[in-house]
Amino acid sequence: MPKPSVLVFDVNETLIDLESIAPLFAELFGDERVLREWFAQLVMYSMTATLADCYVDFFSLGQGVLRMLGDIHGVPITDHDVHRVQAQMSAMPAYPDVVDGLTVLRDNGFRLATLTNSPHRPGATTPLENAGLAGFFEQQLSVDSCRAFKPSPAVYRHAYEALGVAPAECMMVAAHVWDILGAQNVGMRSALITRPGNPPLPVDGMPQPTLVVGDMRELAERLVDGGH
């Protein structure tokens, strides 16, 4: 297959490091593994909200899930705690391989954009801006425009329509299999980055990613060289 002309990147865990906020969850809950519980519940309830046709933005949902986990674990969660998690979510650093990979891809003529579940709030800097990555991307797209979360088909259609290309010209780059499956469902190609805790899903009958790579440097090498 010809190389894609447009690469659409997920943000959390794909470009920026979610594990950077694990110490805060250790402080709040006594166990940094609750970060993974929180994020998994957040993703599950975002999908549930979409299936139930009931939309609230990802930040609001994340706050509610944090308070819910506080009830589950018997830990009182204050407004201050909620604000601390939100502030640290906005300031997560990029993975060390990201700038190198994006630089190679940009310099080799690929168009770059992002597509995230997180909303863009007027006047607020985005996590990509805080991580020093915003300049690589021609557009930062949010599911907030669709009032539905990934992996709803509407989200990915919004992305390729906003970029003015056919779905076959796009490749979704993400660290989550569910994101990859959503993109492939509308005809986009895909690249799974196997960040820690995010391997492929080896199930017969389930579509598999176009590419599976360990990090952004490997993605750039594979795409620039043209080999799969």
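The values are calculated or read from the model by the stated rules, or taken from the named source; none is laboratory data. The shown structure was predicted, so the numbers you read here are calculated from the model rather than taken from an experiment. Reconstructed Cβ throughout: ideal geometry from the backbone, glycine too, with neighbour counts over all protein chains shown. Note: accessible area is taken over every heavy atom of the protein model, side chains too, but ligands, DNA and RNA are not part of it. Shrake-Rupley method; radii C 1.70, N 1.55, O 1.52, S 1.80 Å.
Could you list which residues have their amide H under 5 Å from that of Leu211, counting only those 5 or more apart in sequence or on another chain, with H placed in the peptide plane?
It is Ser190, Ala191, Leu192, by chain and number.
Based on the mean of other Cβ atoms within 10 Å per residue, sort peptides 32-41, 147-156 so the most packed one is first. Spell out each step's value before the answer.
Working: 32-41: 16.5, 147-156: 21.3.
By packing density, highest mean first, the sequence is 147-156, 32-41.
Write down, largest first, the equivalent ellipsoid semi-axes of the chain in whole Å, where each equals the square root of 5 times an eigenvalue of the alpha-carbon gyration tensor. Intermediate results must be reported in sequence, preceding the final value.
Details: eigenvalues 169, 70, 60 Å².
Whole-Å semi-axes of the equivalent ellipsoid: 29, 19, 17.
Just report the Cα centroid separation between region 156-208 and region 1-40, whole Å.
Region 156-208 and region 1-40 have Cα centres separated by 17 Å.
Quick one: net charge of Arg36's neighbours, Cβ under 13 Å, K/R +1, D/E -1? Working shown, then result.
Values: positive: Arg33, Arg195; negative: Glu13, Glu19, Asp31, Glu32, Glu37.
Value of the local net charge: -3.
Relative contact order, percent, of region 18-90 when contacts are C-alpha pairs under 8 Å separated by at least 6 residues?
Reported as a whole number, the value is 31 percent.
Give, as a single signed number, the net charge of other residues whose beta carbon lies under 13 Å from the beta carbon of Tyr160, with Lys and Arg counted +1 and Asp and Glu -1. Don't skip to the answer; put the middle values down first.
Details: positive: Arg111, Arg157, Arg189; negative: Glu161, Glu169.
Every neighbour counted, the sum reads +1.
How large is the helix-only mean residue ellipticity at 222 nm for the chain, computed as the sum of -39500 (n - 2.57) over DSSP H runs with n ≥ 4, divided by its residue count, in deg cm²/dmol to the nearest 500?
Here the helix-only value at 222 nm equals -13000 deg cm²/dmol.
What is the packing order of peptides 199-208, 60-69, taking the mean over residues of other C-beta atoms within 10 Å and listing the highest first?
Numbers: 199-208: 10.4, 60-69: 18.2.
With the highest mean Cβ count within 10 Å placed first, the list reads 60-69, 199-208.
Enter the accessible area per residue of the chain (Å², integer; probe 1.4 Å; all protein chains in place).
Values: 10080 Å² over 228 residues.
Each residue of the chain exposes 44 Å² on average to a 1.4 Å probe.
How high is the relative contact order of the chain? Use alpha-carbon pairs under 8 Å, at least six apart in sequence, and give a whole percent.
It comes to 24 percent, rounded to a whole number.
Just the number, please: carbon plus sulfur as a percent of the accessible area of the chain, 1.4 Å probe, no ligands or DNA/RNA counted. Please list the in-between numbers first.
Values: 5450 of 10080 Å².
The C+S portion of the solvent-accessible surface of the chain is 54 percent.
What order do you get for 105-112, 93-100, 175-182 when each peptide is scored by the mean count of other beta carbon atoms within 10 Å, highest first? Walk me through the numbers on the way to the answer.
On the way: 105-112: 15.2, 93-100: 17.0, 175-182: 21.5.
Per-residue Cβ counts within 10 Å, averaged per peptide and sorted highest first, yield 175-182, 93-100, 105-112.
PRE reach from Leu51 (point 7 Å along Cα→Cβ): which of region 147-164 fall under 18 Å by backbone N?
148-155
So how strong a dipole does region 18-90 carry about its Cα centre when Lys and Arg Cβ are +1 and Asp and Glu Cβ are -1, to the nearest 20 debye? Please report the intermediate quantities before stating the final value.
Details: 4 positive and 10 negative charges, 10 e Å.
Roughly 40 debye for region 18-90.
Spelling out what I want: for every residue of region 132-140, take phi, set θ = phi - 60°, compute 6.51 cos²θ - 1.76 cosθ + 1.60 (Karplus), and round to whole Hz; glycine and proline get x.
x, 10, 4, x, 7, 10, 6, 9, 10
Using a Förster distance of 41 Å, how high is the FRET efficiency between Val75 and Glu221, based on the Cβ-Cβ distance and rounded to 0.05?
0.40
In the chain, what % of DSSP beta bridges are antiparallel (nearest 5)? List each step's numbers first, then the result.
Numbers: 1 of 21 bridges.
Of the beta bridges lying entirely in the chain, close to 5 percent run antiparallel.
If you take the charge dipole of region 79-156 about its Cα centre, with +1 on Lys and Arg Cβ and -1 on Asp and Glu Cβ, which of Val104, Val143, Ala87 is farthest toward its positive end?
Checked the options; the winner is Val143.
Could you list which residues have their amide H under 5 Å from that of Phe9, counting only those 5 or more apart in sequence or on another chain, with H placed in the peptide plane?
Counting only residues 5 or more places away or on other chains, the set is Ala113, Thr114, Leu115, Val173.
Per 0.36 nm of contour for each residue apart, how much would the distance between Glu138 and Gln88 grow if the chain were fully extended, relative to their Cα-Cα spacing? Let's see the in-between values first.
On the way: separation 50, 0.36 × 50 = 18.00 nm, distance 2.50 nm.
Extending this stretch completely gives an extra 15.5 nm.
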